[in-house]
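Peer 1: One structure is given below, represented as C-alpha coordinates, and several questions about it will come after.
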Amino acid sequence: MPLKIVRNDITKMAVDAIVNAANESLLGGGGVDGAIHRAAGAGLLAECRTLGGCKTGEAKLTGGYGLPARYVIHTVGPVYVDGRHGERALLESCYRKSLAIALEKGLESVAFPLISSGAYGYPKEQALRVATRVIGDFLLENDMTVYIVIFDKSVLSPKAKPYSDIKKYIDGNLVGVSPLRRLSLPALSKRCFEDAMGAAAPTELTEDGMEGLGDRLKCIDESFSQMLLRKIDEKGMTDAGCYKKANIDRKLFSKIRSDIHYRPSKPTAIAFAIALELSLDETEELLRKAGFALSHSNKFDIIIEYFITKGCYNIYEINEALFAFDQSLLGA
Ligand code: AR6
(Lines give C-alpha, C1' and ligand atoms only; values in the text may rest on other atoms or scores of the structure.)
Protein backbone atom coordinates (compact mmCIF):
# COMPACT_ATOMS: atom_id res chain seq x y z
CA MET A 1 0.00 0.00 0.00
CA PRO A 2 1.05 3.52 -0.58
CA LEU A 3 3.50 6.03 0.77
CA LYS A 4 2.15 9.56 0.77
CA ILE A 5 4.13 12.74 1.31
CA VAL A 6 2.03 15.54 2.80
CA ARG A 7 2.63 19.01 4.19
CA ASN A 8 0.94 19.22 7.59
CA ASP A 9 1.28 19.50 11.35
CA ILE A 10 1.60 15.87 12.46
CA THR A 11 -0.51 16.48 15.58
CA LYS A 12 -3.48 17.01 13.24
CA MET A 13 -3.14 13.67 11.46
CA ALA A 14 -6.09 11.31 12.04
CA VAL A 15 -4.18 8.07 11.54
CA ASP A 16 -3.76 4.95 13.67
CA ALA A 17 -0.38 6.17 14.93
CA ILE A 18 1.86 9.18 14.61
CA VAL A 19 5.56 8.85 15.24
CA ASN A 20 7.34 11.18 17.63
CA ALA A 21 10.96 12.29 17.14
CA ALA A 22 11.79 12.03 20.82
CA ASN A 23 14.96 12.00 22.94
CA GLU A 24 16.27 9.10 25.06
CA SER A 25 14.44 10.29 28.19
CA LEU A 26 11.04 10.16 26.44
CA LEU A 27 10.02 12.98 28.77
CA GLY A 28 9.28 15.58 26.11
CA GLY A 29 11.30 18.36 24.53
CA GLY A 30 11.03 20.94 21.75
CA GLY A 31 10.17 20.60 18.05
CA VAL A 32 7.69 17.93 17.05
CA ASP A 33 8.10 16.25 20.45
CA GLY A 34 6.92 19.41 22.24
CA ALA A 35 4.02 19.83 19.80
CA ILE A 36 2.88 16.22 20.29
CA HIS A 37 2.99 16.44 24.10
CA ARG A 38 1.12 19.76 24.07
CA ALA A 39 -1.61 18.38 21.81
CA ALA A 40 -1.88 15.01 23.62
CA GLY A 41 -2.06 16.44 27.13
CA ALA A 42 -0.64 15.31 30.48
CA GLY A 43 -1.71 11.67 30.10
CA LEU A 44 0.98 11.12 27.45
CA LEU A 45 3.79 12.33 29.70
CA ALA A 46 2.47 10.21 32.57
CA GLU A 47 2.60 7.08 30.37
CA CYS A 48 6.04 8.03 29.00
CA ARG A 49 7.37 8.17 32.58
CA THR A 50 6.57 4.46 32.95
CA LEU A 51 8.66 3.44 29.91
CA GLY A 52 12.17 3.89 31.29
CA GLY A 53 13.43 5.89 28.29
CA CYS A 54 14.37 4.62 24.85
CA LYS A 55 17.73 4.05 23.16
CA THR A 56 18.72 5.83 19.97
CA GLY A 57 17.44 3.84 16.97
CA GLU A 58 14.76 2.10 19.07
CA ALA A 59 11.00 2.79 19.36
CA LYS A 60 8.24 2.48 21.98
CA LEU A 61 4.45 2.73 21.88
CA THR A 62 1.99 4.77 23.96
CA GLY A 63 -1.63 5.86 23.65
CA GLY A 64 -2.55 8.99 21.72
CA TYR A 65 -4.60 10.69 24.50
CA GLY A 66 -5.91 14.03 23.22
CA LEU A 67 -4.52 13.50 19.69
CA PRO A 68 -6.65 12.46 16.73
CA ALA A 69 -4.22 9.51 16.36
CA ARG A 70 -4.94 6.43 18.50
CA TYR A 71 -1.28 5.79 19.30
CA VAL A 72 2.08 7.51 19.41
CA ILE A 73 5.21 5.59 18.49
CA HIS A 74 8.18 7.31 20.10
CA THR A 75 11.52 6.85 18.42
CA VAL A 76 14.89 8.45 19.08
CA GLY A 77 16.85 9.57 16.05
CA PRO A 78 20.63 10.00 15.97
CA VAL A 79 22.28 13.36 16.54
CA TYR A 80 23.98 14.13 13.21
CA VAL A 81 27.71 14.66 13.53
CA ASP A 82 29.24 14.40 10.05
CA GLY A 83 27.57 11.35 8.53
CA ARG A 84 30.48 9.10 9.55
CA HIS A 85 29.20 8.15 12.97
CA GLY A 86 26.64 5.53 11.97
CA GLU A 87 23.91 8.15 11.72
CA ARG A 88 22.28 6.65 8.65
CA ALA A 89 22.03 3.13 10.10
CA LEU A 90 20.53 4.53 13.29
CA LEU A 91 18.03 6.64 11.39
CA GLU A 92 17.04 3.64 9.25
CA SER A 93 16.57 1.68 12.43
CA CYS A 94 14.15 4.34 13.78
CA TYR A 95 11.89 3.86 10.76
CA ARG A 96 12.20 0.06 10.76
CA LYS A 97 11.53 -0.35 14.48
CA SER A 98 8.57 2.05 14.36
CA LEU A 99 7.07 0.21 11.40
CA ALA A 100 7.65 -3.14 13.14
CA ILE A 101 5.63 -1.90 16.14
CA ALA A 102 2.86 -0.67 13.84
CA LEU A 103 2.79 -4.04 12.08
CA GLU A 104 2.72 -5.99 15.32
CA LYS A 105 -0.21 -3.87 16.55
CA GLY A 106 -2.05 -4.42 13.26
CA LEU A 107 -2.16 -0.69 12.47
CA GLU A 108 -3.27 0.37 9.01
CA SER A 109 -1.97 3.94 8.86
CA VAL A 110 1.10 5.61 10.33
CA ALA A 111 2.49 9.14 9.95
CA PHE A 112 6.17 10.00 10.38
CA PRO A 113 7.80 13.38 10.82
CA LEU A 114 11.28 13.76 9.33
CA ILE A 115 13.12 12.24 12.27
CA SER A 116 16.43 13.87 13.33
CA SER A 117 16.08 16.62 10.74
CA GLY A 118 15.49 19.46 13.24
CA ALA A 119 17.35 19.87 16.54
CA TYR A 120 19.42 16.74 15.80
CA GLY A 121 20.78 18.32 12.62
CA TYR A 122 20.42 15.55 10.00
CA PRO A 123 20.48 17.25 6.55
CA LYS A 124 16.82 17.36 5.60
CA GLU A 125 17.04 16.09 2.02
CA GLN A 126 19.18 13.15 3.14
CA ALA A 127 16.84 12.45 6.05
CA LEU A 128 13.96 12.35 3.60
CA ARG A 129 15.80 9.97 1.28
CA VAL A 130 16.46 7.58 4.19
CA ALA A 131 12.79 7.76 5.17
CA THR A 132 11.42 7.06 1.68
CA ARG A 133 13.88 4.21 1.09
CA VAL A 134 13.15 2.35 4.32
CA ILE A 135 9.39 2.92 4.15
CA GLY A 136 9.33 2.04 0.44
CA ASP A 137 11.13 -1.28 1.09
CA PHE A 138 8.74 -2.03 3.95
CA LEU A 139 5.70 -1.37 1.75
CA LEU A 140 6.92 -3.83 -0.87
CA GLU A 141 6.37 -6.55 1.74
CA ASN A 142 3.54 -5.16 3.89
CA ASP A 143 0.12 -3.54 3.53
CA MET A 144 -0.07 -0.21 5.32
CA THR A 145 -0.66 3.43 4.44
CA VAL A 146 2.37 5.44 5.52
CA TYR A 147 2.62 9.23 5.51
CA ILE A 148 5.74 11.34 5.64
CA VAL A 149 4.64 14.64 7.11
CA ILE A 150 6.69 17.64 6.06
CA PHE A 151 6.33 20.67 8.29
CA ASP A 152 9.18 22.92 7.30
CA LYS A 153 8.55 24.94 4.13
CA SER A 154 12.22 24.81 3.11
CA VAL A 155 12.13 20.99 2.82
CA LEU A 156 11.28 19.80 -0.65
CA SER A 157 11.42 23.24 -2.13
CA PRO A 158 12.27 23.59 -5.82
CA LYS A 159 15.18 25.76 -4.66
CA ALA A 160 16.74 22.83 -2.77
CA LYS A 161 19.99 21.57 -4.28
CA PRO A 162 18.83 18.09 -5.40
CA TYR A 163 16.25 19.72 -7.65
CA SER A 164 18.48 22.16 -9.51
CA ASP A 165 18.86 19.77 -12.48
CA ILE A 166 15.13 19.21 -12.68
CA LYS A 167 14.51 22.94 -12.48
CA LYS A 168 16.92 23.50 -15.38
CA TYR A 169 15.19 20.76 -17.36
CA ILE A 170 11.79 22.32 -16.74
CA ASP A 171 13.04 25.79 -17.65
CA GLY A 172 14.58 24.44 -20.85
CA ASN A 173 11.49 22.50 -21.91
CA LEU A 174 8.39 24.23 -20.67
CA VAL A 175 6.29 25.16 -23.69
CA GLY A 176 8.44 23.89 -26.50
CA VAL A 177 8.31 21.03 -28.93
CA SER A 178 8.14 17.90 -26.89
CA PRO A 179 9.99 14.80 -28.02
CA LEU A 180 6.78 13.13 -26.84
CA ARG A 181 4.91 14.90 -29.60
CA ARG A 182 6.98 13.29 -32.32
CA LEU A 183 4.43 10.49 -32.64
CA SER A 184 2.26 12.40 -35.05
CA LEU A 185 -0.79 10.61 -36.38
CA PRO A 186 0.73 9.27 -39.61
CA ALA A 187 3.75 8.07 -37.65
CA LEU A 188 1.43 6.39 -35.22
CA SER A 189 -0.43 4.57 -37.99
CA LYS A 190 2.91 3.44 -39.33
CA ARG A 191 3.91 2.03 -35.96
CA CYS A 192 0.60 0.25 -35.47
CA PHE A 193 0.98 -1.25 -38.93
CA GLU A 194 4.44 -2.49 -38.06
CA ASP A 195 3.35 -3.84 -34.69
CA ALA A 196 0.50 -5.71 -36.31
CA MET A 197 2.31 -7.01 -39.37
CA GLY A 198 5.76 -7.57 -37.90
CA ALA A 199 7.20 -5.88 -40.98
CA ALA A 200 8.24 -2.44 -42.07
CA ALA A 201 5.33 -0.33 -43.19
CA PRO A 202 5.34 0.96 -46.76
CA THR A 203 6.03 4.68 -47.06
CA GLU A 204 2.46 5.16 -48.18
CA LEU A 205 -0.33 3.00 -46.87
CA THR A 206 -2.63 2.22 -49.78
CA GLU A 207 -5.94 0.38 -49.41
CA ASP A 208 -4.26 -2.76 -50.79
CA GLY A 209 -1.47 -2.40 -48.30
CA MET A 210 -3.96 -2.40 -45.49
CA GLU A 211 -5.52 -5.69 -46.65
CA GLY A 212 -4.84 -8.61 -44.39
CA LEU A 213 -4.31 -6.58 -41.30
CA GLY A 214 -7.55 -8.05 -40.01
CA ASP A 215 -7.69 -8.97 -36.37
CA ARG A 216 -4.06 -8.13 -35.83
CA LEU A 217 -4.90 -4.43 -35.91
CA LYS A 218 -6.98 -5.03 -32.83
CA CYS A 219 -3.85 -4.11 -30.87
CA ILE A 220 -5.05 -0.57 -31.39
CA ASP A 221 -8.27 -1.37 -29.55
CA GLU A 222 -6.55 -2.86 -26.54
CA SER A 223 -7.82 -1.07 -23.42
CA PHE A 224 -5.68 0.47 -20.68
CA SER A 225 -6.22 -2.45 -18.35
CA GLN A 226 -5.54 -5.02 -21.09
CA MET A 227 -2.29 -3.31 -22.04
CA LEU A 228 -1.30 -3.00 -18.38
CA LEU A 229 -1.88 -6.71 -17.70
CA ARG A 230 -0.07 -7.67 -20.92
CA LYS A 231 2.93 -5.55 -19.96
CA ILE A 232 3.01 -7.05 -16.45
CA ASP A 233 3.22 -10.50 -18.05
CA GLU A 234 5.79 -9.44 -20.63
CA LYS A 235 8.00 -7.95 -17.91
CA GLY A 236 7.70 -11.14 -15.86
CA MET A 237 6.27 -9.22 -12.92
CA THR A 238 3.58 -10.31 -10.49
CA ASP A 239 0.46 -8.15 -10.06
CA ALA A 240 1.46 -7.35 -6.47
CA GLY A 241 5.03 -6.57 -7.49
CA CYS A 242 3.68 -4.11 -10.03
CA TYR A 243 1.06 -2.28 -7.98
CA LYS A 244 3.38 -2.00 -4.99
CA LYS A 245 6.16 -0.61 -7.13
CA ALA A 246 3.57 1.80 -8.58
CA ASN A 247 2.62 2.96 -5.05
CA ILE A 248 -0.93 1.88 -5.85
CA ASP A 249 -3.46 0.53 -3.42
CA ARG A 250 -4.36 -3.16 -3.83
CA LYS A 251 -8.09 -2.36 -4.02
CA LEU A 252 -7.59 0.09 -6.86
CA PHE A 253 -5.52 -2.47 -8.75
CA SER A 254 -8.31 -5.07 -8.32
CA LYS A 255 -10.79 -2.62 -9.81
CA ILE A 256 -8.54 -2.04 -12.82
CA ARG A 257 -7.97 -5.77 -13.21
CA SER A 258 -11.65 -6.65 -13.14
CA ASP A 259 -12.90 -3.85 -15.42
CA ILE A 260 -11.31 -3.85 -18.86
CA HIS A 261 -12.79 -0.41 -19.54
CA TYR A 262 -11.46 1.15 -16.35
CA ARG A 263 -10.30 4.76 -16.89
CA PRO A 264 -7.53 5.59 -14.42
CA SER A 265 -6.45 9.11 -13.50
CA LYS A 266 -3.35 10.38 -15.26
CA PRO A 267 -1.09 10.03 -12.17
CA THR A 268 -2.29 6.43 -11.74
CA ALA A 269 -1.61 5.59 -15.38
CA ILE A 270 1.88 7.12 -15.13
CA ALA A 271 2.55 5.30 -11.87
CA PHE A 272 2.09 2.01 -13.73
CA ALA A 273 4.32 3.17 -16.57
CA ILE A 274 7.01 3.89 -13.98
CA ALA A 275 6.52 0.56 -12.20
CA LEU A 276 6.81 -1.23 -15.56
CA GLU A 277 9.88 0.85 -16.43
CA LEU A 278 8.40 1.77 -19.80
CA SER A 279 10.26 3.88 -22.32
CA LEU A 280 8.88 7.30 -23.25
CA ASP A 281 7.14 5.90 -26.33
CA GLU A 282 5.60 3.02 -24.37
CA THR A 283 4.54 5.43 -21.63
CA GLU A 284 2.87 7.60 -24.21
CA GLU A 285 1.11 4.54 -25.64
CA LEU A 286 -0.17 3.40 -22.23
CA LEU A 287 -1.36 6.92 -21.44
CA ARG A 288 -3.24 7.16 -24.74
CA LYS A 289 -5.20 4.06 -23.73
CA ALA A 290 -6.49 6.06 -20.78
CA GLY A 291 -7.14 9.15 -22.89
CA PHE A 292 -4.08 11.13 -21.79
CA ALA A 293 -0.88 12.46 -23.32
CA LEU A 294 2.31 14.02 -22.04
CA SER A 295 3.06 17.53 -23.17
CA HIS A 296 5.57 20.27 -22.59
CA SER A 297 2.92 22.71 -21.49
CA ASN A 298 2.95 21.61 -17.88
CA LYS A 299 5.59 20.93 -15.26
CA PHE A 300 4.12 17.61 -14.17
CA ASP A 301 4.65 16.03 -17.58
CA ILE A 302 8.14 17.48 -17.95
CA ILE A 303 9.22 16.12 -14.57
CA ILE A 304 7.95 12.66 -15.57
CA GLU A 305 9.82 12.93 -18.86
CA TYR A 306 12.98 13.99 -17.00
CA PHE A 307 12.98 10.84 -14.85
CA ILE A 308 12.08 8.45 -17.68
CA THR A 309 14.78 9.81 -19.99
CA LYS A 310 17.26 9.47 -17.13
CA GLY A 311 16.14 5.85 -16.62
CA CYS A 312 15.16 6.58 -13.02
CA TYR A 313 12.06 4.58 -12.15
CA ASN A 314 12.02 5.04 -8.39
CA ILE A 315 8.49 6.22 -7.70
CA TYR A 316 9.38 7.71 -4.33
CA GLU A 317 12.20 9.77 -5.75
CA ILE A 318 9.87 10.97 -8.51
CA ASN A 319 7.19 11.82 -5.96
CA GLU A 320 9.66 13.81 -3.87
CA ALA A 321 10.43 15.92 -6.92
CA LEU A 322 6.76 16.28 -7.88
CA PHE A 323 6.01 17.34 -4.31
CA ALA A 324 8.82 19.89 -4.39
CA PHE A 325 7.34 21.42 -7.53
CA ASP A 326 3.81 21.36 -6.08
CA GLN A 327 2.49 18.76 -8.52
CA SER A 328 0.14 15.80 -8.04
CA LEU A 329 1.93 12.71 -6.78
CA LEU A 330 2.01 9.34 -8.54
CA GLY A 331 0.05 6.41 -7.27
CA ALA A 332 -2.08 6.83 -4.23
N1 AR6 B 1 4.56 18.33 12.62
C2 AR6 B 1 5.39 17.71 11.76
N3 AR6 B 1 6.72 17.93 11.74
C4 AR6 B 1 7.21 18.83 12.63
C5 AR6 B 1 6.40 19.51 13.57
C6 AR6 B 1 5.02 19.23 13.55
N7 AR6 B 1 4.17 19.80 14.38
N8 AR6 B 1 7.20 20.33 14.31
C9 AR6 B 1 8.46 20.17 13.85
N10 AR6 B 1 8.47 19.27 12.83
P11 AR6 B 1 12.75 17.96 15.70
P12 AR6 B 1 14.82 15.89 15.90
C13 AR6 B 1 9.59 18.78 12.01
O14 AR6 B 1 13.70 19.02 16.14
O15 AR6 B 1 15.66 16.61 14.91
C16 AR6 B 1 13.24 17.50 20.54
O17 AR6 B 1 13.50 18.48 21.48
C18 AR6 B 1 10.78 19.68 11.90
O19 AR6 B 1 10.60 20.66 10.86
O20 AR6 B 1 11.39 17.99 16.29
O21 AR6 B 1 14.65 14.42 15.77
C22 AR6 B 1 13.33 16.09 21.10
O23 AR6 B 1 12.92 16.03 22.44
C24 AR6 B 1 11.87 18.69 11.56
O25 AR6 B 1 11.94 18.52 10.13
O26 AR6 B 1 13.34 16.48 16.03
C27 AR6 B 1 14.77 15.77 20.93
O28 AR6 B 1 15.54 16.28 22.01
C29 AR6 B 1 11.41 17.38 12.16
O30 AR6 B 1 10.08 17.61 12.63
C31 AR6 B 1 15.15 16.47 19.66
O32 AR6 B 1 14.24 17.57 19.53
C33 AR6 B 1 12.24 16.90 13.34
O34 AR6 B 1 12.68 18.01 14.12
C35 AR6 B 1 14.96 15.57 18.47
O36 AR6 B 1 15.43 16.23 17.33
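The values are calculated or read from the model by the stated rules, or taken from the named source; none is laboratory data. None of the values given here were measured: they were computed from a predicted structure. Glycine also receives a Cβ, built like all others from the backbone with ideal geometry; neighbour counts cover every protein chain displayed. With ligands, DNA and RNA removed, areas are computed over all heavy atoms of the protein, side chains included. Shrake-Rupley method; radii C 1.70, N 1.55, O 1.52, S 1.80 Å.
Peer 1: Taking R0 as 41 Å, what's the FRET efficiency between Asp221 and Leu140 from their Cβ-Cβ distance, rounded to 0.05?
Peer 2: Efficiency for this residue pair is about 0.75.
Peer 1: Could you rank the peptides 292-299, 230-237 by their average count of other C-beta atoms within 10 Å per residue, with the highest value first?
Peer 2: Result, highest mean first: 292-299, 230-237.
Peer 1: What is the distance, in nm, between label points placed 7 Å from the Cα along the Cα-to-Cβ direction at Ser254 and at Ser297?
Peer 2: Going by the 7 Å Cα→Cβ label model, 3.9 nm.
Peer 1: OK, next. For every other residue with a beta carbon closer than 15 angstrom to the beta carbon of Gly118, add +1 if it is Lys or Arg and -1 if Asp or Glu, then tell me the sum.
Peer 2: Net local charge, Gly118 excluded: -3.
Peer 1: So, one more: Calculate, for segment 3-156, the solvent-accessible area per residue in square angstrom, rolling a 1.4 angstrom probe over the heavy atoms of the protein chains.
Peer 2: 43
Peer 1: Describe numerically, in nm with one decimal, the distance between label points set 7 Å from Cα along Cα→Cβ at Val79 and at Phe151.
Peer 2: Label at Val79, label at Phe151, 2.0 nm between them.
Peer 1: On to the next question. Ignoring ligands, DNA and RNA, please state the percent of accessible area on the chain from carbon and sulfur, probe 1.4 Å.
Peer 2: 52
Peer 1: Ranking request for peptides 60-73, 3-16: highest mean number of other beta-carbon atoms within 10 Å first, then the rest in descending order.
Peer 2: Highest to lowest by the protection proxy: 60-73, 3-16.
Peer 1: Quick one, what does Rg over Rh come out to for segment 3-156 if you take C-alpha atoms and the Kirkwood Rh?
Peer 2: With Rh from the inverse mean 1/r over Cα pairs, Rg/Rh is 0.92.
Peer 1: Spin-label point model (7 Å from Cα, Cβ direction): what's the Ala89 to Lys55 distance in nm?
Peer 2: According to this spin-label approximation, the distance is 1.3 nm.
Peer 1: Mean residue ellipticity at 222 nm from the helices of the chain, using -39,500 (n - 2.57) per DSSP H segment of n ≥ 4 over the full residue count, to the nearest 500 deg cm²/dmol?
Peer 2: So the helix-based figure for the chain works out to -13500 deg cm²/dmol.
Peer 1: So for each of 144-155, 92-103 I average, over its residues, the number of other beta carbons within 10 Å; can you give me the resulting order with the highest mean first?
Peer 2: Per-residue mean Cβ counts within 10 Å order the peptides as 92-103, 144-155.
Peer 1: Now for a separate question. Which FRET efficiency value, to the nearest 0.05, is calculated for Cys312 and Glu24 with the Förster distance at 45 angstrom and r the Cβ-Cβ distance?
Peer 2: In this case the efficiency is close to 0.75.
Peer 1: Before anything else, pin down the relative contact order of the chain: Cα pairs under 8 Å, at least 6 apart, normalised by residue count, whole percent.
Peer 2: Across the chain, relative contact order equals 18 percent.
Peer 1: Rounded to the nearest 20 Debye, what is the dipole magnitude of segment 88-167 about its Cα centre when Lys and Arg each give +1 and Asp and Glu each give -1 at the C-beta?
Peer 2: I would put it at about 440 debye.
Peer 1: In addition: Quick one: among Ala321, Ala42, Ala275, which has the greatest mean-square fluctuation in a GNM of the chain with alpha-carbon springs under 10 angstrom?
Peer 2: The residue that fluctuates most here is Ala42.
Peer 1: Another one. Given a Förster distance of 51 angstrom, what is the FRET efficiency for Asn8 paired with Glu234, based on the Cβ-Cβ distance and rounded to 0.05?
Peer 2: 0.80
Peer 1: Roughly how big is the chain's charge dipole about its Cα centre, with Cβ charges of +1 (Lys, Arg) and -1 (Asp, Glu), in debye to the nearest 20?
Peer 2: With Lys and Arg at +1 and Asp and Glu at -1, about 1100 debye.
Peer 1: Further question on the same structure: Which residue, chosen from Leu45, Cys242, Thr75, occupies the Cα position most advanced towards the positive end of the dipole of the chain, where the dipole is computed from +1 (Lys, Arg) and -1 (Asp, Glu) charges on Cβ about the Cα centre?
Peer 2: Checking the options against the dipole of the chain, the answer is Leu45.
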